[in-house]
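The values are calculated or read from the model by the stated rules, or taken from the named source; none is laboratory data. As the structure is a prediction and not an experimental result, all values here were calculated from the model. So basically every Cβ, Gly included, is an ideal-geometry build from the backbone, and we count neighbours across all protein chains shown. Please note that ligands, DNA and RNA were not included when accessible areas were found on the heavy atoms of the full protein model with its side chains. Shrake-Rupley method; radii C 1.70, N 1.55, O 1.52, S 1.80 Å.
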Amino acid sequence: HIDTVPTAGHFDGVLGVLAGIEVVRVLHENGVRLEHAIETIVFTDEESTVIGCKAMAGNTVSNPEYYRRSDGTSIETCLAQIGGDWSTIAEAKRHPKEIAAFVELHVEQGGVLESTGDEIGVVQGIVGQYRLGVTVTGRPNHAGSTPMHARKDALVAASQMVLAVNKLGVETPGEQVATVGYLTVWPNATNTVPGKVEFKIDLRDLSQTNLEQLLIQMKLEFQAIASATKTEIEITQLLHVDPTLAAPKIQKAIVGVCQELGLSYTHLISRAGHDAQEIGRFTDMGMIFVASKGGISHAEDEYTSPEQCTQGANALLQTFLKLDILYAKGDR
Ligand SMILES: [Zn+2]
C-alpha cells in the first residue's frame, strides 16, 4: 500500500510496492518467464478501512456510509475521482484459484529483528484482535459526606479491572498483548465519588483459542471485581478480527531463500495489521519483514537502510521464483 498515516515515514507500505515493481522489472530484464502470471498490487487505504484488500477478498462493507470520509466526502465521489465506480466494487473480488500465493515485503514496525540482529523476518502470521468497550456503573456521591463503606466507586472498580487486564497479558502463557488505552470518568470532579467509567480494551494474539480463553477469564475477573465493589458492568464487543496464519509452505520457501542468499532470519509474529491479513483469508499468504530502526514506525524518523531494503527485495524475488516452481508442481 502507498497510503500512510498523517505522521508517517517513507517505508511503511511503499517498500512492498516498490520491491514488487522491481521484482517484475528484474524478471522482465532477464527474460525470465514464470509458470504463473505475476501481479504487483497497490492496495488502497490500508491504514484505515482496508477497502482495497477487502474488495479483492470480497469482504467490503456493503453500506457506502461506512466509507464516508471525515470531511463528508462519499466513497462514490472518492472512487469516481480516481476513475473507479462504487457500484462495480463487487467485481474486484478475486477467486482463490486466480491467486496461487501472495507475498508482501514490509518493514517490521517493531524491534524484534533489531534485537535478534537478524536480517529477514519470516512472518508466521498476523495477530487477531478484539476491542471491547466496558462501562462500569457505580453511584456518584459527595466525596466528603459519603463514608468509605457506603460507596459504589466506579473508578475504584475500573482501576482494578485495568490492572486485571494487564496481569492477564503479563501472566498468561503465550504471546498475547492486552491494553487499556482509553478511559473516561464521570462526572470527573475532584469532590465527587465517580459514578461511571468507560474504558476500552485492545487484545491481540496469533492464537484465536488463546484470545477466547483470555476473554472468558477477563469477564470472570470483571464480574468478581464488580460484585466486590458493588458496581455494575456492561461489556460490548467493538471489533473482532480473526488472526491470519502465513502458509507454512511460503514460510518454508522464505527460509530456504534466506539460507541460499546467506541472510540471517528469524520467525516472528506481526502485531500490526496488513493487507496480507485479508488476502490470507482466501489464498496462501506470506510476509517478509526487514528491520525498522529502533522499532519505530508511523513516525517521520521511521528508517530501514538501503542495504536492508535490498536484502528484503532480493528475498522477495527469490521467494517468487521458488514458489513458482512449487505451485506449478500442484504441490499446494
Ligand atoms: Zn503498512
Being open to solvent by 70 Å² or more (accessible area, probe 1.4 Å) and among the aromatic types (Phe, Trp, Tyr) is the filter here; which residues of segment 13-67 pass it? Tyr66
Count of residues meeting criterion [of a type in the set (D, E, K, R) and within 16 Å of the ligand (Cβ to nearest atom)] in segment 105-137: 1
How about segment 262-276: which of its residues are more than 16 Å from the ligand (Cβ to nearest atom) and either farther than 18 Å from Lys249 by Cβ or buried (at least 17 other Cβ atoms within 10 Å of the Cβ) (or both)? Gly262, Leu263, Ser264, Tyr265, Thr266
Quick check on Thr4: is it assigned by TED's automatic domain parsing to the domain that holds Lys249, more than 27 Å from Ala253 (Cα to Cα) and within 13 Å of the ligand (Cβ to nearest atom)? no
Go through (1) part of a strand (DSSP E or B); (2) open to solvent by less than 40 Å² (accessible area, probe 1.4 Å) one by one and return the number of the condition Asn210 breaks. (1)
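Looking at segment 160-178 only, could you name the residues that are open to solvent by 70 Å² or more (accessible area, probe 1.4 Å) and over 14 Å from Gln217 (Cα atoms)?
Gln160, Glu175
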Taking Lys97 as the residue in question, decide whether it is of a type outside the set (Asp, Glu) and modelled with pLDDT under 95. yes
Output the qualifying pairs, or none if there are none: Cβ atoms under 9 angstrom, residues six or more apart or on different chains, first residue in segment 240-258 and at negative phi, second residue among the basic types (Lys, Arg) and in a helix (DSSP H, G or I). Ala253/Lys322; Ile254/Lys322; Gly256/Lys322; Val257/Lys322
Quick test for you: out of Ala157, Ala178, pick the one residue that is closer than 18 Å to Leu132 by Cβ and assigned to a strand (DSSP E or B). Ala178
Within segment 89-104, is even one residue in a loop (DSSP other than H, G, I, E, B), of a type in the set (D, E, K, R) and more than 16 Å from the ligand (Cβ to nearest atom)? yes
What number of residues within segment 188-218 are more than 14 Å from Thr172 (Cβ to Cβ) and of a type in the set (Ser, Thr, Tyr)? 2
Keeping to segment 16-72, report how many residues are of a type in the set (S, T, N, Q) and within 13 Å of the ligand (Cβ to nearest atom). 2
Test result for Glu114, open to solvent by 80 Å² or more (accessible area, probe 1.4 Å), in the same structural domain as Gly295 (by TED's automatic domain parsing), in contact (Cβ under 8 Å) with a residue 60 or more places away in the chain and within 25 Å of the chain's Cα centre (by Cα): yes
Out of the residues in segment 277-315 that are outside any strand (DSSP E or B), crowded, with 24+ Cβ neighbours inside 10 Å and of a type in the set (A, V, I, L, M, F, W, C), which is nearest to the ligand (Cβ to nearest atom)? Ile279
Kindly indicate the residue of segment 243-254 that is open to solvent by less than 20 Å² (accessible area, probe 1.4 Å) and not in a strand (DSSP E or B) and also nearest to Thr310 (Cα to Cα) among those meeting that condition. Ile254
Restricting to segment 42-69, what's the tally of residues that are touching a residue at least 60 places away in the same chain (Cβ under 8 Å) and within 13 Å of Ala276 (Cα to Cα)? 8
